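The values are calculated or read from the model by the stated rules, or taken from the named source; none is laboratory data. Quick caveat, the model's predicted, so the values are computed rather than measured. Because the Cβ atoms are built from the backbone with ideal geometry, glycine has one as well, and the counts that use them run over all protein chains shown. The protein model used for the area step is the full one, side chains on, heavy atoms only, and it has no ligands, DNA or RNA in it. Shrake-Rupley method; radii C 1.70, N 1.55, O 1.52, S 1.80 Å.
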Amino acid sequence: DGMQVEVQEQQRERLDALHEKFSVAKTNHSLNPSQAEALYSSIIAEVGDGEEFNKIKEQAICKLGELYADAKRVDDINRLLIQIRPFFSNIPKAKTAKIVRTLIDFVAKVPGAAAIQRQLCTDTINWCTQEKRTFLRHRIQTKLAQMLFEGKEYVGALSLVGDLLKEVKKLDDKPLLVEIHLIESRTYHQIRNLAKSKAALTSARTAANAIYCPPNLQAQIDTQSGTLHAEEKDYKTAYSYFYEAFEAFHTQDDARAVISLKHMLLCKIMTNQAEEVPGLIDGKNALKYAGRELEAMREVAAAYKKRSLEALIEAQSKYGSELAEDPVIRFHLQALYDTLLEQNLARLVEPFSRVHIRHIASLMKLPVETVEATLSQMILDKKFNGILDQGAGALIAYQDSPQNETYETVLQTMDQMGRVVDSLYTRAARLS
C-alpha cells in the first residue's frame, strides 16, 4: 500500500509539472513562440497514460498546431500529424478524429495552402486504411469532400460523397450522415440540380431528427433550407430559416452569423420590404457585425427602394467582393438587377411609339447590346407589345388594342341557349 501511495504521489507531481509547463507555454504562445514551441513539444514527447495525462497532451498538440498555423509553417503541421499517430491508440476514436480535423483546419488558415491541406487529407486517409481506422477515415473523407466543394470541384465532391454514403449508411452513423447529405445538397445546388439538392436536404433532416443535432449543425441545415426556399421565390419562409440559423450562429459567436444576416436582409429586399433593412442592420443583435458586409446590403436596399438601376450598379461596383463572393447573394442580385432593368426600360419607352435603342441606352447609361437583349426578352415574354427593327436600330411600340368583349358575350349566350334547348328536349321526351 505504501508503494502504491508513493507511485500515485509521483504521478500527481508529474501531472502538476506538466500542467505548469503547459500554463507557461500558453503564456508565451504569442510573447515568445520559440519557447512555447519547445515546451509544447516536450509535453507531446512525454510517455504516459491516464485520462488527465492524455487531456494535457491533446491540448498541447492543438496549441502547437495553432502556433505553426500562425507562423504559416504548414510542413511542420504535417510532421506533427505523423509524429502523434502512435498516441492515437491511447485515446478514444472520437477524440482522435477531433484532433486530426482540428490540425487539418489549422492548415486551411494559411493562405494558399489548399493543395497541401488536400494532400494532408489524402495521406491521413491512406494511413487510416492501412490501420483499419474506419471511423476516422470516414470523417477525413467527409472533410475532403467539403474541401472539393469549396474548391468548386463539384464532380469530384459528388463522386466521393456517393462512395461515402454507401459505407456510412451500412454503419448507420447518423451524425456523419447529416454532414455528408448537407455537402451533397450544397453541391447539387451549385450545379443547379435543385430536385436532387432538396432530396439530399430531406435525407439530412431525417437523419438529424433521429439524433441530438448540435446547434451548429442544425444552423447549417436551416441555412441550406433557406437557400432552397429562396430559389423557389418563397422568400418569407427562407427568411424564417435564415433567422433561425442567424440566432444559432450568433449564440455561438460563429463567423457565419453575418452571412445568415445578409441572407435575411436579401429576403426583405426581395419581398418589397427594403425599408425594413436599415432597422435590422441597426438592431441590437446586428451591431456586432457592423461593417462593409452589412453596408453593402444597406446600399442595395436603398437602390431597390428608389427603383434606381444606376444606384444598384454603383453598389455592386463599390462592394464587389462582399456581394459577388456569396453565391446566394450573387444569384438573387442578378434577378433583382434584371427586374429593375425591365421596370426602368418600360418606364422610359412608354411615351414613344418609335425610338432608337441607342437613345434609350444613352438615357440609361448602359451598353446598347444589353438594352437590345433585354427588350428582345421582354417582347418574347409578352411584357412589352412591340418589335425591334434591327436594320434601323429602333424599337417600334404597338398600341395595346382594347379587348373586344363581344366575342366573349356571344360565346356565353350560345352556351346558355344550348342549355335551354337541352332542357326543353328533356321535358319533351318525358311528355311523349
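Just a few scattered comments:
- Residues (open to solvent by 50 Å² or more (accessible area, probe 1.4 Å) and over 14 Å from Ile357 (Cα atoms)) located in region 377-398: Gln377, Leu380, Asp381, Lys382, Lys383, Asn385, Tyr398
- Which numbered condition Ile221 misses (of (1) in a loop (DSSP other than H, G, I, E, B); (2) at pLDDT 95 or above): (1)
- The listed residue being open to solvent by 70 Å² or more (accessible area, probe 1.4 Å) and in a helix (DSSP H, G or I), out of Ile125, Ile104, Ile77, Ile82: Ile82
- Looking only at region 319-331, and only at residues there that are crowded, with 18+ Cβ neighbours inside 10 Å and in contact with a helix residue (DSSP H, G or I) (Cβ under 6 Å, 6 or more places away or on another chain), the one that is farthest from Gln399 (Cα to Cα): Glu322
- Residue among Lys21, Lys95, Lys63, Lys57 that alone is in a helix (DSSP H, G or I), of a type in the set (Lys, Arg) and under 24 Å from Asn126 (Cα atoms): Lys95
- Scanning region 362-396 for residues that are closer than 21 Å to Leu336 by Cβ and of a type in the set (S, T, N, Q) yields a total of 4.
- Of note, Ala97 satisfies the criterion of being touching a residue at least 40 places away in the same chain (Cβ under 8 Å) and either polar (S, T, N, Q) or under 30 Å from Leu148 (Cα atoms) (or both).
- Among the residues of region 242-281, those identified as touching a residue at least 60 places away in the same chain (Cβ under 8 Å) and within 17 Å of the chain's Cα centre (by Cα) are Ile259, Lys262, His263, Leu266.
- Some residue of region 236-252 being touching a His at 6+ places or on another chain (Cβ under 6 Å), of a type outside the set (D, E, K, R) and under 21 Å from Gly291 (Cα atoms): yes
- Within region 3-45, if we keep just the residues that are more than 18 Å from Asp70 (Cα to Cα) and among the charged types (D, E, K, R), the residue that is least open to solvent (accessible area, probe 1.4 Å) turns out to be Lys21.
- Within region 94-129, no residue satisfies the criterion of being modelled with pLDDT under 85 and touching a Phe, Trp or Tyr at 6+ places or on another chain (Cβ under 6 Å).
- Residue count for region 242-260 satisfying the condition of being of a type in the set (A, V, I, L, M), closer than 18 Å to Cys213 by Cβ and touching an Asp or Glu at 6+ places or on another chain (Cβ under 6 Å): 1.
A quick yes/no check of all residues on (1) touching a residue at least 40 places away in the same chain (Cβ under 8 Å); (2) not small (Gly, Ala, Ser):
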{"site": "Arg139", "(1), (2)": "yes, yes"}
{"site": "Met147", "(1), (2)": "no, yes"}
{"site": "Gly151", "(1), (2)": "no, no"}
{"site": "Tyr154", "(1), (2)": "no, yes"}
{"site": "Ala157", "(1), (2)": "no, no"}
{"site": "Asp163", "(1), (2)": "no, yes"}
{"site": "Leu171", "(1), (2)": "no, yes"}
{"site": "His181", "(1), (2)": "no, yes"}
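- Leu144 in contact with a Cys (Cβ under 6 Å, 6 or more places away or on another chain), assigned to a helix (DSSP H, G or I) and within 29 Å of Glu325 (Cα to Cα): yes
- Scanning region 249-308 for residues that are over 22 Å from Ser321 (Cα atoms), in a helix (DSSP H, G or I) and polar (S, T, N, Q) gives a single hit, Thr251.
- The conditions of being of a type outside the set (Gly, Ala, Ser), open to solvent by 50 Å² or more (accessible area, probe 1.4 Å) and out of contact with any helix residue (DSSP H, G or I) (no Cβ under 6 Å at 6 or more places or on another chain) are not met by Glu299.
- You will find that of Arg347, Arg354, Arg307, Arg292, the residue that is open to solvent by 70 Å² or more (accessible area, probe 1.4 Å), closer than 23 Å to Leu388 by Cα and either touching a helix residue (DSSP H, G or I) at 6+ places or on another chain (Cβ under 8 Å) or in contact (Cβ under 8 Å) with a residue 24 or more places away in the chain (or both) is Arg354 and no other.
- Gly112 meets each of the listed conditions (1) in a helix (DSSP H, G or I); (2) without any contact (Cβ under 8 Å) to a residue 40 or more places away in the chain; (3) not β-branched (Val, Ile, Thr) apart from (1).
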